[in-house]
Structures are given as structure tokens and as C-alpha cells.
Amino acid sequence: MSDQEELIALSARFADAVTRVDVDAFADVWSDSGVWVIAPPLDITMTGSGAELAAGFAAGAEAMWATFIQQVHQVLVEVDSDSATGRTYITELGYRHDGTGQTLHGVYDDEYVRTATGWKFAKRHFSYLYYDPATQFAGQFFVNGKQVASPQGS
């Protein structure tokens, strides 16, 4: 697999880990000293090892979300030896435990580093392109084939 293909797969693995709230898979995409920034209106910055970032992610995800879906659209990368930069465009749908929903579109500005175990994120900086913090979903959400949320009581 080419460097570019590995980096595109890294963004897909991140989205998969987020959607499944898979702490181990989330930790595995980060370098030993990662930085994860989510711009306002959320305005969060986390730093640390993959395990530390994953623990912070999991605590927030489990506290707030009944279910959450992250979709990757396009990933653009430029490789320079053992480092690279890129942009990843995403859409997220989330259904909170309190019955409210959100939809957003955004972009990650990414910095990557090649490690002994492959490419990892050194830094991800997320910026919102569209944000609806009060989405009214009409459908049903499923996790592993089981309905977890039904916004309209269906």
C-alpha cells in the first residue's frame, strides 16, 4: 500500500473507531504525543498518548451520546518523507442520551508521522463548516443491528 493509501485508511480507521466508540482502535491511530483540537463552538484541546486521548474521547462519548456516526468524505494528503499533512472532510450525526440530535459537516487539518508501526496522527484540528446542535431526526438509529434510539418513538 502506498503512503497516500495508508494515510487515507488512517482517516477511515479514525471514523470507524469514533462510530463504534472503540477505545483501543481510537488509541491506535495516534502517535505517542498526539494533539486533538476541536474548534468552537465545542472548543476542546486534548494532548497525550493514544491511550490518554482515547480515554478522554470515550468518557465524553459515553456520557453524551446514545449513538454517533462519523462519515469520511474526501481525504487529501501530501507526504514529505516520514511526515505528512492533510485535510479530511467529514459529516457527523449524533443522538444524545437526552433525546436531542446534532448534525455537522467539518474539516480536519491533519499532521501525520510515520512510526515503527505505521502512519499515525500527530495532530488533528477540527473546524466546523456547518453545525446544527438541535437536529430533529425522524428515523431510527441502530448499533450492531439493534435499535438504540428512536427519536419519534417508533
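The values are calculated or read from the model by the stated rules, or taken from the named source; none is laboratory data. Here the structure is a predicted model, which means the values were calculated and not measured. Ligands, DNA and RNA are stripped out before the accessible areas are found, and what is left, the full protein with its side chains, is counted by its heavy atoms. Shrake-Rupley method; radii C 1.70, N 1.55, O 1.52, S 1.80 Å.
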Checklist line | Inter-part distance where segment 83-112 and segment 8-54 are each reduced to a Cα centre, Å | finding: 11
Item checked: Degrees separating the helix 3-20 axis from the principal Cα axis of the chain, which is the longest one -> 30
Check: To the nearest 500 deg cm²/dmol, what mean residue ellipticity at 222 nm is calculated for the chain from DSSP H runs of n ≥ 4 alone, each contributing -39,500 (n - 2.57), summed and divided by the residues?
Finding: -8000 deg cm²/dmol
Notebook entry, point to check: Taking the chain as a Gaussian network, where each spring joins two C-alpha atoms under 10 Å apart, which residue of Trp30, Trp119, Trp65 fluctuates the most?
Noted result: Trp65
Item checked: Most fluctuating residue given options Leu104, Leu129, Leu93, as computed from a GNM of the chain linking Cα atoms under 10 Å -> Leu129
Notebook entry, point to check: Per residue, what accessible area does the chain have, given a 1.4 Å probe and all protein chains present, in Å²?
Noted result: 52
Check: Of the labelled options (1) 32, 23, 15; (2) 28, 15, 15; (3) 35, 21, 14, which one gives semi-axes √(5λ) of the Cα gyration tensor in Å as computed for this structure?
Finding: (2)
